[in-house]
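Asker: Following this message is one structure expressed as C-alpha cells.
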Amino acid sequence: MALFPEDAATILQKLTLQQGRLEPEQVNELKVLMRLSTEDFLKAVLPLAATMSTCPISGFSVGAVVEGFRAAEGSCEEEQGPIYFGANLEIAGQPLKMAIHAEQASISNAWHQGETRLRRLMVNEAPCGHCRQFMNELNEIDQMEILVSQLDNERKKHYRMADLLPDAFGPGDLKQGGRLLGPSNQLLNSPDSSDTLINAATQAAQNSYAPYSDCYSGIALLMNNGDIISGMYAENVAFNPSLTAIEAALVNLRLNSLAKPEATIVDAVMVEKQAPISHKAMAVSIISHMGAELRHFIV
C-alpha cells in the first residue's frame with residue numbers, strides 16, 4: 001500500500017473488507033486519483049493481488065485481476081465493472097495438482113460474488129496451458145479480453161481466447177450448451193434443512209457447474225469466529241483443470257481472512273449429487289490436514 005498515493009491507498013484498503021473486490025465507483029475514483037486508464041490501473045494493482053498468495057512450495061507469488069459486468073446502479077453494462085482479485089494458493093502436504101492458479105482464483109472470486117461473465121483479465125505473465133483450458137469454459141469467453149503485461153515492462157499484449165488456445169477442445173465438443181458462470185438450473189434437496197451448514201453446502205452444490213460428470217458439489221466451512229465459507233465446484237471439459245469445491249472454498253477463505261485474525265475450521269460439510277465420481281477423498285484429506293472432520297452427504 002505504501003507504493004500508492006495516500007488517498008488511493010485509503011480506498012484500496014477496503015479490498016480486505018470486500019472479499020478482494022473493488023466496486024465500479026471505487027475503481028472510477030481510483031483511476032481519477034491515480035490518473036490511469038483502466039488497463040494501466042489493472043496493472044498497477046497486480047502486486048496487491050499477488051500479496052494474497054500463499055505459496056509454501058514454490059515461494060513464487062502470482063496475482064491476477066478480472067473485471068466483471070455488474071455495473072453500478074443506473075449505469076449501462078458498457079461502463080466500468082467491479083474488479084476481482086485472486087492469487088495462487090498452494091496447499092502444503094497435497095499433490096501439486098491441488099495448486100490453485102491466480103487466474104482460477106480471480107475468476108472463482110468473481111463467480112462466487114455473482115458475476116455471470118467477465119470483460120477482461122489482467123496478469124503479468126501469459127497464462128499457462130492449464131489456465132487457458134480453464135478459461136475456455138467460461139460463459140461468453142470469446143468476448144473476454146486477456147491482457148498480459150510484465151511488471152518491469154510498459155508493453156501490454158492483448159489476446160482473445162482463440163489466440164491463446166487455437167483449435168481448442170471445448171464444451172461444444174461434448175455437446176455442452178451451458179458455460180461456467182452461466183445460470184444453473186440444478187434443484188437439490190438439503191439432507192437436513194434444520195442444519196445451517198448443510199443448507200449452505202447444498203446451496204453451493206446447487207449453484208455449481210458439473211455438466212460432464214453430473215457431480216454437482218458444494219462445500220461449507222464453519223470457522224471458529226462464526227463465519228461460514230462456501231465453495232462451488234467448477235468442472236472443465238478437459239477434466240483435469242476442474243476446480244473442486246474445496247479449492248474454491250479455500251480461495252474464499254483466504255479472501256475472507258484478509259482483514260481478520262486467522263480462524264480455524266470447526267465444522268465442514270460437503271454435499272454432492274450422486275454421480276460416477278466423488279470429490280470426498282480429496283476434501284477429507286485437505287480438511288483433516290486443517291484439523292477438522294468432513295461431514296459428507298450424497299443427494
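The values are calculated or read from the model by the stated rules, or taken from the named source; none is laboratory data. As the structure is a computational prediction, the values presented were derived from the model and not from experiment. Reconstructed Cβ throughout: ideal geometry from the backbone, glycine too, with neighbour counts over all protein chains shown.
Asker: Among the residues of the stretch 241-271, what is the count of those that are charged (D, E, K, R) and under 20 Å from Ile100 (Cβ atoms)?
Answerer: Counting residues in the stretch 241-271 that are charged (D, E, K, R) and under 20 Å from Ile100 (Cβ atoms) gives 3.
Asker: Could you pull out the residue among Met135, Met98 that is at negative phi, out of contact with any strand residue (DSSP E or B) (no Cβ under 6 Å at 6 or more places or on another chain) and modelled with pLDDT under 95?
Answerer: On inspection, the qualifying residue turns out to be Met98.
Asker: Filter the stretch 1-20 for residues that are surrounded by 21 or more Cβ atoms within 10 Å (Cβ to Cβ) and touching a residue at least 40 places away in the same chain (Cβ under 8 Å); which is nearest to Met98 (Cα to Cα)?
Answerer: Gly20
Asker: Just to be sure before I move on: is Ile246 among the β-branched types (Val, Ile, Thr) and more than 21 Å from the chain's Cα centre (by Cα) in the structure I sent?
Answerer: No, not satisfied.
Asker: Would you check if there is a residue in the stretch 18-31 being outside any loop (DSSP other than H, G, I, E, B), within 12 Å of the chain's Cα centre (by Cα) and within 29 Å of Ala2 (Cα to Cα)?
Answerer: yes
Asker: Can I ask one more? If only one of Arg179, Arg160 is at pLDDT 95 or above and outside the structural domain of Gly59 (by TED's automatic domain parsing), which one is it?
Answerer: After ruling out the rest, the residue left standing is Arg179.
Asker: Is there a residue being crowded, with 18+ Cβ neighbours inside 10 Å, out of contact with any Phe, Trp or Tyr (no Cβ under 7 Å at 6 or more places or on another chain) and of a type in the set (Gly, Ala, Ser) anywhere in the stretch 250-266?
Answerer: Within the stretch 250-266, none of the residues are crowded, with 18+ Cβ neighbours inside 10 Å, out of contact with any Phe, Trp or Tyr (no Cβ under 7 Å at 6 or more places or on another chain) and of a type in the set (Gly, Ala, Ser).
Asker: Only one of Asn225, Asn207, Asn236, Asn252 is of a type in the set (S, T, N, Q), at pLDDT 95 or above and farther than 23 Å from Glu137 by Cβ. Can you tell me which?
Answerer: The match here is Asn225.
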